[in-house]
1. Of all residues in region 89-107 being of a type outside the set (A, V, I, L, M) and exposed (fewer than 12 other Cβ atoms within 10 Å of the Cβ), which is modelled with the lowest pLDDT?
2. Filter region 84-127 down to the residues that are without any contact (Cβ under 8 Å) to a residue 24 or more places away in the chain, within 18 Å of VAL61 (Cα to Cα) and either in contact with a strand residue (DSSP E or B) (Cβ under 6 Å, 6 or more places away or on another chain) or of a type in the set (A, V, I, L, M, F, W, C) (or both) and list them by number.
3. If I go through region 60-82 residue by residue, how many of them are touching a Ser or Thr at 6+ places or on another chain (Cβ under 6 Å) and either surrounded by fewer than 13 Cβ atoms within 10 Å (Cβ to Cβ) or assigned to a strand (DSSP E or B) (or both)?
4. Looking at (1) in a strand (DSSP E or B); (2) within 16 Å of ASP117 (Cβ to Cβ); (3) not aromatic (Phe, Trp, Tyr), which is the only condition ARG43 fails?
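The values are calculated or read from the model by the stated rules, or taken from the named source; none is laboratory data. In this text the structure is predicted, and so the values were computed from the model without any measurement. We place every Cβ from the backbone using ideal geometry, glycine too, and count neighbours over all the protein chains shown.
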Amino acid sequence: MVLAGAVLAVRRGVGRAEPRPALAAVAGGARGVVVEVMNGTARSGLARQVTRLLREGGVDVVYFGTAEDRLDSTTVLVRRGDQARGHEVARLLGTARVVMAPDPKRRVDVSVVLGADYRWPKGKLAL
């Protein structure tokens, strides 16, 4: 079982700390997935808006910014773990393109690169 965090609990009367799991892995959904969002479009502020959207869906977005190049297609890149992580993020975004692109130097599970084709998911209000 993967632990999302741990806390130290102090026993009463003993005064020593022992580790215990604080959160168990969340079954289903994109919770616990660590993501970065890069804006590859000319639309200012898009990465910030998508970051808010993903965070509302329980995704841990640790970084957002501007991609080096302008892109035509939005792509969800799975950096570590299985492809299901990428598909959950893609579902929240309302896009379908998921690519395995392992990169052990990145400290994220998934990289989202927004392209010119990105459209806000139906039924979601722009933030």
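1. Our first condition is that a residue be of a type outside the set (A, V, I, L, M); within region 89-107, this holds for 91, 94-95, 97, 102-107.
Among the residues that remain, those that are also exposed (fewer than 12 other Cβ atoms within 10 Å of the Cβ) are: 102, 104-105.
On the way: PRO102: 97, PRO104: 89, LYS105: 93.
Filtering first and then ranking leaves PRO104.
2. ALA84, HIS87, ALA90, VAL98
3. Qualifying residue count for the region: 3.
4. (1)
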